[in-house]
Amino acid sequence: MKRTTTRAALLAGSPDEVEAAFYDALQAADLERLMACWADDDDVFCVHPGGGVRVVGVQAIRELFASMLERGGLNVKPGEVVRMDSHGSAVHNVVEHVVVNLPDGPREALVYATNVYMKQPQGWRIVAHHASATTPGERGAPPPRAHVLH
């Protein structure tokens, strides 16, 4: 697979920059930019809400997103990010705000997504994306405060 300019631009990026590029590419229906965010690894995986299957491997993920984007971009924006970063990996849990056009007008759906990034020789890349639909009216409770016993 030919390396794109976008992939080269991500070499010096951070997990936050790769995440922004991923969601921008989803909105723009730009499959090449979107795939530039993923690691070239047969063990990467993706699970979408309602999809019912775990998609494994970069080629299978490409095919999944190609079918999702064939009718245009997705109106999805990440928010409320919870980050756990270390030297070689990062895990971001986001609330995806997805606007869906229904016959009676646009509606916003919320999806919880976990994006896992690993620093590779080529730079930071997505190695896993797992999204789960929320139930109507559900909003995540604030995390409990840690209790320290002395």
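The values are calculated or read from the model by the stated rules, or taken from the named source; none is laboratory data. In this text the structure is predicted, and so the values were computed from the model without any measurement. Reconstructed Cβ throughout: ideal geometry from the backbone, glycine too, with neighbour counts over all protein chains shown. Surface areas here come from the heavy atoms of the whole protein model, side chains and all, with no ligands, DNA or RNA. Shrake-Rupley method; radii C 1.70, N 1.55, O 1.52, S 1.80 Å.
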Inset, instruction - Over segment 12-69, give the accessible area per residue in Å² for a 1.4 Å probe, as an integer. - result: 45 Å²
Legend entry - Residue-wise HN-Hα coupling along segment 92-97, computed from phi with Karplus coefficients 6.51, -1.76, 1.60 (Hz; x: Gly, Pro): 10, 9, 10, 9, 7, 9
Inset, instruction - Keeping all protein chains in position, work out how much accessible area VAL82 exposes to a 1.4 Å probe, and write it in Å² to the nearest 10. - result: 90 Å²
Inset, instruction - Between ARG71 and VAL53, with labels modelled 7 Å along Cα→Cβ, what's the label distance in nm to one decimal, could you check? - result: 1.9 nm
Inset, instruction - Would you mind classifying segment 8-88 by shape? Square roots of the alpha carbon gyration tensor eigenvalues, ordered a ≥ b ≥ c; an a/c under 1.5 is rounded, otherwise it is prolate if a/b is larger than b/c and oblate if not. - result: rounded
Legend entry - Segment MET84-LYS119, extension gain: residue separation times 0.36 nm, minus the distance between their alpha carbons: 11.2 nm
Legend entry - Peptides 110-120, 59-69 ordered by average Cβ neighbours within 10 Å, highest first: 110-120, 59-69
Legend entry - Heavy-atom accessible area ranking, 1.4 Å probe, most first, across PHE22, PHE45: PHE45, PHE22
